[in-house]
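For reference, the structure is listed below as structure tokens.
Readers should treat all values here as calculations from the given coordinates under stated rules, not as data from a laboratory. Here the structure is a predicted model, which means the values were calculated and not measured. Note: ideal-geometry Cβ built from the backbone for every residue, glycine included; neighbour counts use all protein chains shown.
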Amino acid sequence: MCKAIEMLMREHRFIETMLNTLEVFAERLEPGTASDRVVVRDFGDFFAEFADRCHHGKEEEGLFRKMEEHGIPNDHGPIAVMLSDHREGREHVAVFHEVGAGDGPLSPEECEAVKRHATQYADHLRAHIQKEDNVLYPMSEQLIPDEEMDRLARDFERFEEDVMGAGAHERYHEMGRRLARQYPRAAESGAASGLRR
Ligand SMILES: [Fe+2]
């Protein structure tokens, strides 16, 4: 597997771990605890910044563009489906931001909204990741010559520095590790495999 795709797949594993963490948090959520609002805000920030801006950014600005150059259209077919998935995900994350921006303990309605959107978002993003891992990424490797893929990997590294800023990747990994420690799955310790680097 080429380096660019390996980088994207590694991010998928981390995002999946964070979806598990989000679900554990949402399942336990009850109205009335002020500190939960901060955690909703943290999840909103993580998924907006790491999953969307950093990871989907590399796909939309990098990989998908390259695939378009090699003849895959972006207004129908697999890339159009991926773009529409990304947009749908943003609607769920917007709810976490909205709730996160409020004050005081979470109301019963806010708890319900977070639970509902956490489940929908996790299901949605897992299915989306499967489509990329099993269909879109293999297709891109067939289509894009090795030297262009090498350039893409370098572009991804530059994207991390220029768009996300130095240290951002590590900051989000740290945030993820902290949340996963706080909300471990019953069968898992906090050191979930997707969080090891
Ligand atoms: Fe992806």
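Under a plain spin-label model, where a point goes 7 Å from the Cα along Cα-to-Cβ, how far apart in nm are Ala186 and Ala34?
Reported label-point gap for Ala186 and Ala34 is 3.3 nm.
Residue farthest toward the positive end of the dipole of the chain, with Cβ of Lys/Arg at +1 and Asp/Glu at -1: which of His76, Leu136, Gln182?
Toward the positive end, the furthest listed residue is Gln182.
Over the chain, what is the mean sequence separation of C-alpha contacts under 8 Å (at least six apart), divided by residue count, expressed as relative contact order in percent?
Values: 178 pairs, mean separation 77.6, N = 197.
It rounds to 39 percent for the chain.
Could you tell me how many degrees, from 0 to 90 and to the nearest 10, lie between the Cα long axis of helix 168-182 and the main elongation axis, the longest principal axis, of the Cα atoms of the chain?
With rounding to tens, the tilt is 40 degrees.
Just to confirm the number: angle between the C-alpha axis of helix 78-100 and the first principal axis of the chain, 0 to 90 degrees, nearest 10?
Compared with the principal axis, the helix lies near 20 degrees.
Give the peptides 84-95, 163-174 in descending order of average Cβ contacts within 10 Å, highest first. List each step's numbers first, then the result.
Values: 84-95: 16.0, 163-174: 13.8.
In decreasing order of mean packing, 84-95, 163-174 become 84-95, 163-174.
Kirkwood hydrodynamic radius (Cα pairs, Å) of the chain? All intermediate terms of the calculation are to be shown ahead of the outcome.
Numbers: mean 1/r = 0.0570 Å⁻¹.
Hydrodynamic radius (Kirkwood, Cα pairs) of the chain is 17.5 Å.
R0 = 25 Å: FRET efficiency of Asp146 with Arg10, Cβ-based, nearest 0.05?
After rounding to 0.05, the efficiency reads 0.85.
In deg cm²/dmol, rounded to 500, what helix-only [θ] at 222 nm does the chain give when every DSSP H run of at least 4 residues adds -39500 (n - 2.57) and the total is split over its residues? It would help to have the intermediate numbers written out before the result.
Details: 8 runs with 128 residues, N = 197.
Only helices count here, giving -21500 deg cm²/dmol.
If we count every other residue with Cβ under 14 angstrom of Glu49's Cβ, Lys/Arg +1 and Asp/Glu -1, where does the sum land?
Working: positive: Arg41, Arg53, Lys58, Arg90, Arg171; negative: Glu11, Asp42, Asp45, Asp52, Glu160, Glu170, Glu174.
Combined, the nearby Lys, Arg, Asp and Glu give -2.
How much length is gained if the chain between Ser84 and Asp123 is pulled fully straight, taking 0.36 nm per residue apart and subtracting their Cα-Cα distance, in nm to one decimal?
12.5 nm
Eight or more residues apart or on different chains, and alpha-carbon atoms under 20 Å: count the Lys pairs in the chain matching that. Present the calculation step by step, with values, prior to reporting the outcome.
Values: Lys3/Lys58; Lys3/Lys66; Lys3/Lys131; Lys58/Lys66; Lys58/Lys131; Lys66/Lys131.
Eligible lysine pairs with Cα atoms under 20 Å apart amount to 6.
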